[in-house]
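Visitor: I have a structure I would like to understand better, so I am pasting it below and will then ask my questions one at a time.
The values are calculated or read from the model by the stated rules, or taken from the named source; none is laboratory data. Given the structure is predicted, the values throughout are model-derived calculations rather than measurements. Every residue, glycine as well, gets a Cβ built from its backbone with ideal geometry; the counts of neighbours run over all protein chains shown.
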């Protein structure tokens with residue numbers, strides 16, 4: 001598959017959608033990473049807002065999703081999430097990265113849309129997710145992904161469950177890169193300026209990679225992140 005720069009579908013900016021208009025969507029948190037840049041610590045279980053990072057993410061996703069599940073790479077990871085009482089799935093192909101987790105989420109979904117989030121994104125926004133889902137429904141595309149800070153964010157995106165055909169095809173051919181998957185899906189790409197015009201804070205794609213990232217975000221815990229609505 002070619003590695004050319006992704007040329008997703010772009011649509012003119014639309015007026016802000018303030019609710020999901022009956023769109024049925026479920027959430028999936030991909031939590032199979034090894035935390036190499038966090039000295040092996042499980043980022044999703046770091047303390048955050050009086051609980052854990054993954055609890056905060058799942059609570060926000062639950063506000064607009066029919067259900068929220070977690071996908072992990074191995075059964076031993078699942079034990080750390082037992083207290084959340086959420087459905088937990090395993091990566092379809094162990095050791096194959098987030099694309100494998102995405103396939104598991106899509107293949108097990110019972111709703112037409114799946115809001116996918118990495119487990120280290122503290123500012124996930126139901127407002128942004130519902131707005132993207134509305135854009136996706138009208139576009140006819142297979143997925144919608146934000147293009148913010150000069151790059152695409154496939155792990156903070158909305159996918160149609162039919163995209164499991166593409167994830168399965170990639171995995172069966174040994175393809176592991178998310179960008180290769182997106183070359184096949186050709187998602188609707190929403191630019192940073194469009195989110196800002198719609199009143200959506202683009203920080204919803206921010207993630208925690210290092211201890212410094214975490215400390216910086218925790219130090220702002222008392223601030224309005226602009227993404228909760």
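One line per residue, one yes/no per condition, for (1) at pLDDT below 95; (2) surrounded by fewer than 20 Cβ atoms within 10 Å (Cβ to Cβ); (3) under 22 Å from residue 63 (Cβ atoms); (4) more than 16 Å from the chain's Cα centre (by Cα):
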site	(1), (2), (3), (4)
189	no, no, no, no
197	no, yes, no, yes
202	no, no, yes, no
209	yes, yes, no, no
216	yes, yes, no, yes
226	yes, yes, yes, yes
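Visitor: Being in contact (Cβ under 8 Å) with a residue 40 or more places away in the chain, over 27 Å from residue 133 (Cα atoms) and in contact with a strand residue (DSSP E or B) (Cβ under 8 Å, 6 or more places away or on another chain) narrows it down to one residue among 74, 31, 56; which is it?
Guide: 74
Visitor: Out of the strands (runs of 3 or more DSSP E) lying entirely within segment 50-121, which hold 2 or more residues that are under 13 Å from the mean Cα position of the chain (by Cα)?
Guide: It comes to 68-72, 113-118.
Visitor: Next question. Can you find even one residue in segment 197-216 that is within 18 Å of residue 130 (Cβ to Cβ), touching a helix residue (DSSP H, G or I) at 6+ places or on another chain (Cβ under 7 Å) and assigned to a helix (DSSP H, G or I)?
Guide: Step one: of segment 197-216, the residues within 18 Å of residue 130 (Cβ to Cβ) are 197-205.
Next, only the ones that are touching a helix residue (DSSP H, G or I) at 6+ places or on another chain (Cβ under 7 Å) stay: 198, 200, 202, 204.
From the residues that got through so far, the ones that are assigned to a helix (DSSP H, G or I) too are 202, 204.
Yes.
Visitor: Test of understanding: among 139, 134, 164, 125, which residue is surrounded by fewer than 23 Cβ atoms within 10 Å (Cβ to Cβ), touching a helix residue (DSSP H, G or I) at 6+ places or on another chain (Cβ under 9 Å) and either under 26 Å from residue 67 (Cα atoms) or without any contact (Cβ under 8 Å) to a residue 12 or more places away in the chain (or both)?
Guide: 164
Visitor: When you go through (1) in a strand (DSSP E or B); (2) free of Cβ contacts under 8 Å to residues at least 24 places away in the same chain one by one for residue 157, which number turns out not to apply?
Guide: Single failed check for residue 157: (2).
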